[in-house]
Every structure is written in C-alpha cells, then in structure tokens.
Amino acid sequence: MFNLHATSHIQDRWQTLTKKNNLGIKENYERIKEAISLLKYSREYLSNDEKPYLFGNLDDLRKGVELLSEIDFLESYVDELKKDSGIFDTHKNSEKFVSSQENIIVRNVEYLRAGLTFLLDYFDKTTKNEKNLDAITIKLPELNSFDDLNKISNELKKAIELPIIDAGIDKSKTEIISADRGSIWLNVALGTIGAVKLIAGIVWAASVIRKKRAEAKIFEEHAKTLELKNDALKDIINAQKIQVKNILNAEAQAIASEHYDHTDPETIKRLELSISTTSDLIDRGVKILPTGNSNDSLKELFPDYDKLNLIQSTIKQIRNE
C-alpha cells in the first residue's frame, strides 16, 4: 500500500518546485521509472549486534538514488540518503547499519517509492487520451513575452508543419492537443506514423547540422590563433561554411528521397530551412520527441539530447568524414 503522507508530501513538493525551477514529470518520466525499479532492498534484523540491521541489494539502491539526484524537487530525500544513511560509505552490495541509519534508509526510500509511483500513475491517467495518437512532444525554450511566443510559433511552423504539408502524407496533420505544467511541453498530434518519422528525420539532421556548425566555429577560432593572412583566414572560414551548406543539402536530399514523392529544388530549399530552423531551436534548448507511449524503435529515430555532441549523420558518406 502507498504511504499517503509520503505521496502527498512529494506531490506538494513537486507542485511547488516545478513552478520555481521550471521542471515537469514528462522531462523526468523515464528516469523516475527506472529509479523506482532500483529502489529496493532486503533487510534483516540481527539481534545482539552493534549494527543490527543488515541491508542487501545496495548496488541497485545506490544506482536508483543517483538517478534521482539530478531531479531538483527530490533533493532533500536524496541528500539525506547520500550523506546520512551510510549506503554511500561502502561499495559492498550488503552492509550492516545502526538503528538511526536504518530509519533514514527505510523512511526516505519509502517516501520516494510511494510518492513517485503516485506521480507516474497520475501522469499516465491524465494523458491516457493521448496514448493511441501518432504524436510528438516539444519542450519549448524559456518564454518571457508574447513576442517570444509568436517567434517560437513561427519557427515551429517552419520546422514541423510546413515539411509535413510538403510531404503530402495522407491523413497527416499538426494539431496541438495539450500542454504540460512545469517546463512548457506541447503535445502535437501529427495524424500518422509517417509524419512522426519525417519529423524524426528532420530533428536528427538538425542535430547533425548543429554539431557541424559547432565544429566549424571551433576550427575558425583555432585558425584565428595561427596568425594567418586575412585572405587565407577568409578562405578557411568560407570553406567551413560551404562544407556545412553541402551537408545541409545532403541531409535534406536524403530526407526528401525517403519521405517525399518529389525532390524539386524548391522543396529541398524549404526542407533545408526546416532543418536549419530546428537546429537553431535545439541550440536554444528545444527538445522534440515522440510521445511517451511510442515504441522503442520509433524513439531510436530521435536523438539523445544528452549526447548531441556524439551524434552521427545517417548518411554513410557524411558519417565517415
């Protein structure tokens, strides 16, 4: 059974801190789900022992706590487990603890398991109507004015809506179906799995372009330290720009070949604009992902935003450069 006090305490803390720190369940859903599966231990009472409580499964328990350490609204529980419970003072999978440590372990793990299980269940129930939709979810950057909102709206239209219209995928659409609290996440129905895969291709290509632009910038800065003549420096900078432009064109061509039934120059130009716009959005903190109910094979078509510096193009020629 759930500990109702723990459940209420974590829910209240989540509601307060999501407003303060701009966090949300969606952003931490998979991390929380994995952590809950690890927050388990065995416990045995040993009479006539200075440390009468023998805990097992500490390896997984530590992993679960570490996963939650990156979530701000759980800081007090995680800090107490890390600093005062003793489970991080050993590398063993089982260890004995005194009564005060046993109380800290049991109390905090119980709070975390019960409260977070409730939050995930609450989140699943409130989004159940979206489970069967072919949709994406978009994390917006920080917005301070209606001008910011209007700008991001126009950029998302270029990045998502226009390429779907251009592709002419039967029964595809873009329809905002909901928005989440905490960080601003828009849930957008696209109508078909084909449209979701098209957006995945654009987001992946945009991440590649973002990485290539960053590499070009680093190379340019390095070239400036070599005391080259102005003409030579300009040639290097222009060569970098041409390389990125060619990669952008190649990515657009590849996406059009896979998802469109036409690859005329105007279509490619618009697709390049979509990729470039999406690249800028990602640079500003935007995340575009399939909805949480999507299967693993679909999720793999989208980049891992924690490892964008490692992303590789799906085009073999570019990947091997």
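Ranking ARG284, ARG62 from most to least accessible surface, computed with a 1.4 Å probe over the protein chains only, gives ARG284, ARG62.
Rolling a 1.4 angstrom probe over the range 13-172 with all protein chains present gives an accessible area of which 43% lies on carbon and sulfur atoms.
Can you tell me the 0 to 90 degree angle between the C-alpha axis of helix 230-259 and the longest principal axis of the chain, rounded to 10? The answer is roughly 80 degrees.
Element breakdown for the range 188-229 at a 1.4 angstrom probe: carbon and sulfur atoms account for 61% of the accessible area. Using the Cβ-Cβ distance between LEU226 and ARG31 with R0 set to 51 Å, the FRET efficiency from 1/(1 + (r/R0)^6) comes to roughly 0.70. Seen against the Cα atoms of the chain and their longest principal axis, helix 99-126 is set at about 40 degrees.
Can you tell me, using C-alpha contacts under 8 Å and at least 6 residues apart, the relative contact order of the range 73-224 as a whole percent? Result for the range 73-224 is 19 percent.
Extension gain for LEU310 to ASP124 (0.36 nm times residue separation, less C-alpha to C-alpha distance): 63.8 nm.
Of the residues ILE184, ILE275, the one with the largest accessible area comes first in the ranking ILE184, ILE275, computed with a 1.4 Å probe on protein heavy atoms.
Once the Cα atoms are used to define both axes, helix 25-38 deviates from the longest principal axis of the chain by about 40 degrees. The residues of the range 135-310 expose, per residue, 54 Å² of accessible area to a 1.4 Å probe.
Summed over the residues of the range 7-128 and divided among them, the accessible surface reaches 52 Å² per residue at a probe radius of 1.4 Å. Label-to-label distance, ASP170 versus ASP147, with points set 7 angstrom from Cα along the beta-carbon direction: 4.7 nm. In this structure, ILE218 and LYS82 have a Cβ-Cβ separation that, at R0 = 41 Å, corresponds to a calculated FRET efficiency of about 0.65.
Contact order for the range 7-128, expressed relative to its length and based on alpha carbon pairs under 8 Å spaced 6+ residues apart, stands at 33 percent.
The values are calculated or read from the model by the stated rules, or taken from the named source; none is laboratory data. Computed from a predicted model, the values in this text were never measured in an experiment. Quick reminder, even Gly has a Cβ in these numbers, built from the backbone with ideal geometry, and neighbours come from all protein chains shown. Side chains included, ligands, DNA and RNA excluded: accessible areas come from the protein's heavy atoms. Shrake-Rupley method; radii C 1.70, N 1.55, O 1.52, S 1.80 Å.
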